[in-house]
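Enquirer: This is the structure, below, for whatever I ask next.
The values are calculated or read from the model by the stated rules, or taken from the named source; none is laboratory data. Given the structure is predicted, the values throughout are model-derived calculations rather than measurements. In this analysis, Cβ positions are derived from the backbone assuming ideal geometry, glycine residues included, and neighbour counts consider all displayed protein chains.
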Amino acid sequence: MMTKRKILITCALPYANGPIHLGHMLEHIEADIYARFQKMYGHDCIFICADDTHGTPIMIGAQKAGLTPEDYIAKWHQDHTQDFKNFNINFDHYGSTHSLENKNLCELFYARMKEAGHIHKKPVDQLYCENDKMFLPDRFVKGGCPKCASPDQYGDSCDVCGATYEPTELKNPGCSICGTKPVLKTGQNIFFKLNHFKSYLQEWVPKHTSSDISKKAMEWFDEDLRDLDISRGAPYFGFEIPGEDQKYFYVWVDAPMGYISTTEQFLKKQNRNRDEYWAPDSKAEIYHFVGKDIVRFHTVFWPAFLKSAGFKSPDKVHVHGHVMVNGEKMSKSKGTFISASIYTKHLNPEYLRYYYATKLNATVDDLDLNFNDFTNRINSDLVGKIVNLASRGAQMLNKQFQSQASICDADGIKLLENLKLASSKIAEYYDQREYVKATTLIRELAESTNKYFDEKAPWKTAAVNPEETQKVLTTTINAFRILTIFLKPIMPKLASNVSQLFNEAEYQWADAAKLIENQKINDYIHLASRIDPVNIQAMIDEQKKIFEASAPVVQKPAIKTATPSEIEFADFEKIDLRIGHIIEAEEIKEADKLLRLKVDIGNGVTKQIIAGIKTAYSAEKILGRKVLICANLKPRKMKFGISEGMVLAAGDGGSDLFILSADEGAKTGSKVK
C-alpha cells in the first residue's frame, strides 16, 4: 500500500512591481505540474506562493505611478493572480509578504537571532544619491567591477568575472536611477553573522541541492562567509526593526519568510498550525522551486536564517535555468520579452505548459522557447498524434454507433495493457521532475496507438464488420483517455474536458487502470486547434508595440565617467588590432553575459577570448564571424579560464551591443591600421 506523503511546494515570490512574463511562468508551470501530479497520486500536497512586496524599487515604482505603496502592490497582486489563473497555476493560497503574519515572523526570527548572538551592529559607509535623496541598495548603483574592471556592473556582483563585493568598492559608481555620482554616508547597520553557520551550510548544501548546484555552491566556502547586512535605512517600504530608529528589514530577510507566513495563512482557514510543516522535527517534505539567479539566497542565507530561528529547512531546492527565445535572451525591443497577459490574448496557455514540459528536466540548463519548434510540437505531437485519437475514435462512435462504446478487441487489450504498464514509469518521471522523459514516453505511446488505429482502418471496416469496428473505436478512445490522465498534470483543462466526454469525475492517477466499456459517451467536443504562426507574430508585434510606446523619448543620463585623455600616435601603435576569425564559440552557462571564443588571428595562432557579449549574441550567431580584436592585451585570469584578448564592440551594453566586423575581403590576421 502506498505511503501517503505530506508535501509543501513553493515558488520564488514574484516581485510586485511588474507583470508576469514567460520567463517567470517557466518556474510556476514546473512547480504546478509537480504539485498537480502529487495530488493526483494521492499525496497530501499544498502549493503556495505570494507576492514579494517590499524594498526600494517598490517605493520608487509607487511614486512614479502616483500611488501609495500599499495600493501599488495591491494592483500588481491582482494582475499576478489573474495571470496565474489564466495559465491554470493552481495555488492553494497566493499571499503577500506585506501581511501581519509575515511581520510577526520577521520579528520572531530577529529576536531568536539576537538572543543566540548571531546579530551585531557596526558602522557602514553607504552610497547615497543626493539627487534622489536616498541610500542606494546593491542593484541601484552601477560601475566598474573592482576585480576585473568590467563596466556597467551592479553593486553586489560582477557578471563577467563572478566576483562579489560591496557597492562602495565599485569603480566610478553611479546611481542607476539618475546617473549621478553618489557620495559616502556613514551609519550604523545591523548584520547577521553568517559565518557562524559555515560548517552547517557546508554539510547542508550537498544534501539539499542537485550535484551541479552544490558543486558551484561549495566554492563559496573557500573563504569565510561575510556578515549579511539585514537592515536598510529610511526612506524604505518594509517592516521596521523592533527597537531601532528608522531601520527596516532588508527585503531579502522578509521575502523568504513569505514561504512560512503564506503557509500559515492557508492553514489558519483549516484551524491548523504552521508547525505541521515548519517545526524542526516535522516529517513533511518542503520543496522550493527557484531560478539559478537566486540560488545563493536560497542555499546560504535562507537555511542559515531557518537554523538560527529553530525552523525546518527545505528538503530540496529545485533550481531551473532561464528562458531564451529563439536562442537569444528575451528582448523587449524585439518583442520576445512576452508578458503572460499578452500571450493569453493570442495563444492557448496549455500549449505553453505542454511545450515547457517537453523540455524540462532536473538540470539547470536554460530552456529555449523556439517558436518554430513550439508550433511543430503542438501541431504535430499534441494535436496530430494525441488529441487526434479522440477526434478519430469518438466522432465515429457518435455518428455510426449512437455514441455507444462496446468492448476492446484482442489486439486492443494488448495495446492498453502496454499503456497501463507505463503508468509507474511516467509517475516516476514526474516525481523526479524529468518532464521531458514523461512527455516523450506519452508521445511514443500515442504513436503506437495511431499505428494500431491505422492498421485496423475502421473507416474501411465499419460497413462490412461493424462489431469489430466498434471494438477498435472503443480501444482507441480508451487509449486516448489513459494518455489524457498521464497528461493531466501538464494539461488540466484538457483532462477536465475529456472527463466530461466520458461522463467521469475529475481524474486521479489510479483511474488510468480502468477501462470504458459497454457504456455511452457524450458527443465529441473540439479539444484542441493547431497553432497558426500568424498568431505568434501578432503576439510579438503587440508586445513590441507596447515596449516602444512605453520607452522614454529622452535617454536616462549616463553614469558620469572621466573623459579619456589624448594619446600620442606611438601609444596607439602599441595596440595590436587584428582581424580575427571565430572558429569556436560556446556559452558559459554559469555566467549571464559570457561566451568562450576560440579566435584564429592568422599564421596558425589562435587565442581564447572570454567575451561579455552573450546578452546580445548567441554562440551559434557569432560562430564563423570575422571580427576586430585586440590581440596583444595582457592575458587575464578569470573565473572561467584565461582570456587572451578582446573582441571590439560598440553600444551601451546588455542587448544594446554591436560587434565590429571587417568589410568583405579582409583576411584573417590582417593588422588594423
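Enquirer: Can you confirm whether the stretch 113-128 contains a residue that is at positive phi and modelled with pLDDT of 90 or more? If you could, list the steps in order and put the result at the bottom.
Expert: Taking the stretch 113-128 as the starting set, the residues that turn out to be at positive phi are 117.
Retained after the next criterion (residues that are modelled with pLDDT of 90 or more): 117.
There is at least one residue in the stretch 113-128 that is at positive phi and modelled with pLDDT of 90 or more.
Enquirer: I'd like to know if the stretch 463-483 contains one or more residues that are assigned by TED's automatic domain parsing to the domain that holds Glu428, of a type in the set (A, V, I, L, M) and at pLDDT below 95. Quick ask: steps written out before the conclusion?
Expert: We begin by selecting, within the stretch 463-483, every residue assigned by TED's automatic domain parsing to the domain that holds Glu428; these are 463-483.
Add one more test, that the residue is of a type in the set (A, V, I, L, M), and what stays is 463-464, 472-473, 477, 479, 482-483.
After this cut, where a residue has to be at pLDDT below 95 as well, the list is 463.
There is at least one residue in the stretch 463-483 that is assigned by TED's automatic domain parsing to the domain that holds Glu428, of a type in the set (A, V, I, L, M) and at pLDDT below 95.
Enquirer: Report every pair of residues separated by at least 6 positions or lying on different chains whose Cβ atoms are under 6 Å apart, first residue within the stretch 637-662 and within 16 Å of Glu586 (Cβ to Cβ), second modelled with pLDDT under 75.
Expert: Lys639/Gly162
Enquirer: Say we look at the stretch 368-381 and pick out the residues that are surrounded by fewer than 20 Cβ atoms within 10 Å (Cβ to Cβ) and not in a helix (DSSP H, G or I); which of these is farthest from the chain's Cα centre (by Cα)?
Expert: Per the criteria, the residue is Asn370.
Enquirer: Against the conditions (1) in contact with an Asp or Glu (Cβ under 9 Å, 6 or more places away or on another chain); (2) in a loop (DSSP other than H, G, I, E, B); (3) surrounded by fewer than 17 Cβ atoms within 10 Å (Cβ to Cβ); (4) among the polar types (S, T, N, Q), where does Thr615 fall short? Just the number, please.
Expert: (3)
Enquirer: So, one more: Determine whether the stretch 629-643 contains at least one residue that is modelled with pLDDT of 85 or more and either among the polar types (S, T, N, Q) or touching a helix residue (DSSP H, G or I) at 6+ places or on another chain (Cβ under 7 Å) (or both).
Expert: Yes, some residue in the stretch 629-643 is modelled with pLDDT of 85 or more and either among the polar types (S, T, N, Q) or touching a helix residue (DSSP H, G or I) at 6+ places or on another chain (Cβ under 7 Å) (or both).
Enquirer: Shifting gears a bit: Might you check whether a residue that is buried (at least 20 other Cβ atoms within 10 Å of the Cβ) and under 15 Å from Leu416 (Cβ atoms) occurs anywhere in the stretch 519-533?
Expert: no
Enquirer: For the stretch 207-222, check the following and say yes or no: at least one residue is loosely packed, with under 14 Cβ neighbours inside 10 Å, more than 27 Å from the chain's Cα centre (by Cα) and in contact (Cβ under 8 Å) with a residue 12 or more places away in the chain.
Expert: Looking through the stretch 207-222, none of the residues is loosely packed, with under 14 Cβ neighbours inside 10 Å, more than 27 Å from the chain's Cα centre (by Cα) and in contact (Cβ under 8 Å) with a residue 12 or more places away in the chain.
Enquirer: If Ile575 passes every condition in (1) loosely packed, with under 15 Cβ neighbours inside 10 Å; (2) part of a loop (DSSP other than H, G, I, E, B); (3) at pLDDT below 80 but one, which one does it miss?
Expert: With (1) loosely packed, with under 15 Cβ neighbours inside 10 Å; (2) part of a loop (DSSP other than H, G, I, E, B); (3) at pLDDT below 80 applied to Ile575, the lone miss is (3).
Enquirer: What number of residues within the stretch 590-604 are out of contact with any helix residue (DSSP H, G or I) (no Cβ under 8 Å at 6 or more places or on another chain) and in contact (Cβ under 8 Å) with a residue 40 or more places away in the chain?
Expert: Step one: filter the stretch 590-604 for residues out of contact with any helix residue (DSSP H, G or I) (no Cβ under 8 Å at 6 or more places or on another chain), giving 591, 593-594, 596, 598-604.
Going one step further and asking which of them are in contact (Cβ under 8 Å) with a residue 40 or more places away in the chain, we end up with 591, 593-594, 596, 599-603.
Number of matching residues: 9.
Enquirer: Given (1) more than 30 Å from Ile490 (Cα to Cα); (2) crowded, with 22+ Cβ neighbours inside 10 Å; (3) assigned by TED's automatic domain parsing to the domain that holds Gly55; (4) not hydroxyl-bearing (Ser, Thr, Tyr), identify the lone condition not met by Leu127.
Expert: Among (1) more than 30 Å from Ile490 (Cα to Cα); (2) crowded, with 22+ Cβ neighbours inside 10 Å; (3) assigned by TED's automatic domain parsing to the domain that holds Gly55; (4) not hydroxyl-bearing (Ser, Thr, Tyr), the lone unmet condition for Leu127 is (3).
Enquirer: Would you call Ser211 closer than 30 Å to Asp44 by Cα, out of contact with any Leu (no Cβ under 8 Å at 6 or more places or on another chain) and among the small types (Gly, Ala, Ser)?
Expert: Yes: the conditions hold for Ser211.
Enquirer: Those residues that are of a type in the set (A, V, I, L, M, F, W, C) and more than 13 Å from Ala479 (Cβ to Cβ), I need them from the stretch 382-398; list them, please.
Expert: Keep residues of the stretch 382-398 that are of a type in the set (A, V, I, L, M, F, W, C), which gives 382-383, 386-387, 389-390, 394, 396-397.
Result: Leu382, Val383, Met396, Leu397.
Enquirer: When you scan the stretch 402-502 for helices (runs of 4 or more DSSP H) that lie fully inside it, which ones turn up with 1 or more residues that are charged (D, E, K, R) and crowded, with 23+ Cβ neighbours inside 10 Å?
Expert: Numbers: elements: 410-431, 435-456, 458-461, 466-487, 492-501.
Once the helices (runs of 4 or more DSSP H) in the stretch 402-502 are filtered for at least 1 residues that are charged (D, E, K, R) and crowded, with 23+ Cβ neighbours inside 10 Å, what remains is 466-487.
Enquirer: Return the total of residues in the stretch 320-338 being touching a Leu at 6+ places or on another chain (Cβ under 7 Å) and not in a strand (DSSP E or B).
Expert: Qualifying residue count, the stretch 320-338: 2.
Enquirer: Okay, moving on. When you check Asp523 against the structure, is it in a loop (DSSP other than H, G, I, E, B), not β-branched (Val, Ile, Thr) and not assigned by TED's automatic domain parsing to the domain that holds Leu352, yes or no? Can you show your working first?
Expert: Values: in a loop (DSSP other than H, G, I, E, B): yes; not β-branched (Val, Ile, Thr): yes; not assigned by TED's automatic domain parsing to the domain that holds Leu352: yes.
Here the answer is yes, as Asp523 does meet what is asked.
Enquirer: Which condition breaks for Glu587 when tested against (1) over 27 Å from Lys329 (Cα atoms); (2) touching a residue at least 12 places away in the same chain (Cβ under 8 Å)?
Expert: (1)
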